[in-house]
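The values are calculated or read from the model by the stated rules, or taken from the named source; none is laboratory data. The structure presented is a predicted model; accordingly, all values stated were derived computationally and were not measured. FYI the Cβ positions are ideal-geometry reconstructions off the backbone, even for glycines, and counts take in every protein chain you see. Side chains are part of the model used for accessible areas, which takes the heavy atoms of the whole protein and leaves out ligands, DNA and RNA. Shrake-Rupley method; radii C 1.70, N 1.55, O 1.52, S 1.80 Å.
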Amino acid sequence: MCLYKVLRAAVALRPGRDEIVTDTANFPTDRFLVESVAAELGLKVRWIEAADVRPEDVAAVTGPRTAAVVLSHVDYRSAAIADLAAITRLVRERGGLTVWDLCHSVGSIPVALDADGADFAVGCTYKFLNAGPGAPAFLYVNARHHAEFGQPITGWMGAADTFGMAAEYVPAPGIRRALSGTPPVLGMVGVQEGVALLAEAGIDRVRAKAVALGRWVLALADEWLAPLGFEVASPRDDDRRGGHVTLRHPDAERLSRVLIDNGVLIDFRRPDGIRVGLSPLTTSFTEVRAALARIRELAG
């Protein structure tokens, strides 16, 4: 719902422009929703045919018809980090707006939306923000759009007078107009505690451990798993890799089921990826070693 809200808001702020840009490797929900909004509003989707989106890829498909560009900051499969600042600047120069998916970056790597000039963003709280299953999503709207953006799912919590029970909807000033109905209170408590834990640790320390955990996976994969037909599908450059490492194997789908059944909780990513999640606040180096040793044993 958050992505739908901000994408509709972004397109509405660029009347006369009839294209939305995203990439063919983006997370399925993002791609599906882009197509739905385009169909709903009679717009065209321009596709970036790249698994690791770079500024030059965005430049090739954007122009005077671009209303919004929807991209993930960290790729959900490979963990490749997109250049948020450069891409945002490029899209702004061409008159469009950016919508960033932060699901695989928030709480894992530093994100500077205000400083980098991002227009809109969405993300989840159950991953690196440690809020747990069922925790609510969030959205971001740059302050420069607060006075003019509208969103299509209006409700009493986003009204100017929440308890006025007015006959007509009048949006609240600022970001509160992005709300709809009553938020899930129990889920919000989980977010509150998860974010407090992250704030205490500090994002720079969290990022440092994420990098170190990633290096540990790479080293063990090269030594133990490469002889068994595994390949590293994530960037080896620390500055280009987010908070997980994906290993490629031709029999990944079957192996993923075997690994999960044997206590190694990974994610299968089609067509041949096994994603090793590395939540820095809860994952130890010992656990990573034990997991990769188990993968070696079961795949051998």
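With the structure loaded, tell me whether His146 is open to solvent by 30 Å² or more (accessible area, probe 1.4 Å) and in contact (Cβ under 8 Å) with a residue 12 or more places away in the chain or whether it fails that test.
Working: open to solvent by 30 Å² or more (accessible area, probe 1.4 Å): yes; in contact (Cβ under 8 Å) with a residue 12 or more places away in the chain: yes.
Spelling it out, His146 is indeed open to solvent by 30 Å² or more (accessible area, probe 1.4 Å) and in contact (Cβ under 8 Å) with a residue 12 or more places away in the chain.
Yes/no matrix, rows are residues, columns are (1) aromatic (Phe, Trp, Tyr); (2) under 21 Å from Gly242 (Cα atoms); (3) within 18 Å of the chain's Cα centre (by Cα):
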position: Cys2; (1), (2), (3): no, no, yes
position: Arg17; (1), (2), (3): no, no, no
position: Val34; (1), (2), (3): no, no, yes
position: Leu43; (1), (2), (3): no, no, no
position: Asp52; (1), (2), (3): no, yes, yes
position: Ala80; (1), (2), (3): no, yes, yes
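Contact map, segment 269-294: first residue without any contact (Cβ under 8 Å) to a residue 60 or more places away in the chain, second residue assigned to a helix (DSSP H, G or I) and surrounded by 21 or more Cβ atoms within 10 Å (Cβ to Cβ), Cβ cut-off under 6 Å, separation 6 or more or different chains; pairs are Asp272/Ala252; Ile274/Ala252; Val276/Val217. Taken over segment 155-170, the criterion of being touching a Ser or Thr at 6+ places or on another chain (Cβ under 7 Å) and either outside any helix (DSSP H, G or I) or under 28 Å from Thr98 (Cβ atoms) (or both) is satisfied by Gly155, Met157, Gly158, Tyr169. The number of residues in segment 263-277 being more than 15 Å from Leu213 (Cβ to Cβ), open to solvent by less than 90 Å² (accessible area, probe 1.4 Å) and not charged (D, E, K, R) comes to 5. Within segment 65-114, the set of residues being open to solvent by 20 Å² or more (accessible area, probe 1.4 Å) and aromatic (Phe, Trp, Tyr) comprises Tyr76 only. Do the conditions hold for Ala50, that is, is it modelled with pLDDT under 95, touching a strand residue (DSSP E or B) at 6+ places or on another chain (Cβ under 7 Å), of a type outside the set (Ser, Thr, Tyr) and outside any strand (DSSP E or B)? When the stated conditions are applied, Ala50 passes them.
Being touching a residue at least 24 places away in the same chain (Cβ under 8 Å), open to solvent by less than 20 Å² (accessible area, probe 1.4 Å), under 22 Å from Met188 (Cα atoms) and among the aromatic types (Phe, Trp, Tyr) is the requirement here; does Phe120 meet it?
So Phe120 passes the test.
Output the residue which, of all residues in segment 228-255 that are surrounded by 20 or more Cβ atoms within 10 Å (Cβ to Cβ) and of a type in the set (Gly, Ala, Ser), is farthest from Arg294 (Cα to Cα). Residue satisfying both the conditions and the ranking: Gly242. Taking segment 82-114 as the range and being under 17 Å from Leu139 (Cα atoms) and out of contact with any helix residue (DSSP H, G or I) (no Cβ under 6 Å at 6 or more places or on another chain) as the test, the residues that pass are Trp100, Leu102, Cys103, His104, Ser105, Val106, Val111, Ala112, Leu113, Asp114. Scan segment 278-300 for residues that are under 18 Å from Glu231 (Cβ atoms), open to solvent by 60 Å² or more (accessible area, probe 1.4 Å) and of a type in the set (A, V, I, L, M) and the total you get is 0. Of the residues examined, Ala60 is not one that is crowded, with 21+ Cβ neighbours inside 10 Å and modelled with pLDDT of 95 or more.
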